[in-house]
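Just below is one structure, and these are the notes that go with it.
FYI, it's all coordinate maths here, none of it is from the lab. This structure is a prediction, so every number in the text was calculated from the model and none was measured. Neighbour counts are summed over all protein chains in view; Cβ atoms, including those assigned to glycine, are modelled from backbone coordinates with ideal geometry.
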Amino acid sequence: MAINPKKVEFEISRIIKGKENVIRYVLAAFFAGGHILIEDVPGVGKTTLAISMAKAMSLAFNRIQFTSDLMPSDILGIYIYDEKKKILYLDLVLSLAT
């Protein structure tokens, strides 16, 4: 099933008011296959934007609450290359929130 970007924008705009440019930028990055990092002060709707975007496209939504000591490798894992064995290992720790 194809996703209609205009319909998604309309659905998000019903929830998020006054952030039309942000919605367009986020959707443009999403449909271009890019990544999105939304930074702002607390309480301006960052999570609500992500949730409404996921709902508008019938996608799952999960959130990671970052802290000052959280590193990208804590989420993505790290690659370790063993020169002797010529093998690349992925060291990954997965945490399931319940």
Which of Ser68, Ser58, Ser52 has the fewest Cβ neighbours within 10 Å, and the rest in rising order: Ser68, Ser58, Ser52
Residue of Ile87, Ile16, Ile36 that the Gaussian network model of the chain assigns the largest fluctuation, springs spanning Cα pairs under 10 Å: Ile87
Computed lengthening from Glu39 to Asn4, 0.36 nm per intervening residue step minus Cα-Cα distance: 10.0 nm
Simple label model, 7 Å out from Cα along Cβ direction - Glu11 to Ile80, nm: 4.3 nm
For the chain, alpha-carbon Rg over 2.2 N^0.38 Å: 1.41
Value at 222 nm in deg cm²/dmol, rounded to 500, when DSSP H runs of n ≥ 4 in the chain each add -39,500 (n - 2.57): -11500 deg cm²/dmol
Spread of Cα-to-Cα distances over 5 Å intervals beginning at zero, given as percent, for the range 5-56: 4, 21, 36, 27, 10, 2
Fewest-first ranking of Leu90, Leu49, using other Cβ atoms within 10 Å as the exposure measure: Leu90, Leu49
Helix axis angle, 5-15 relative to the chain longest principal axis, alpha carbon, degrees: 80 degrees
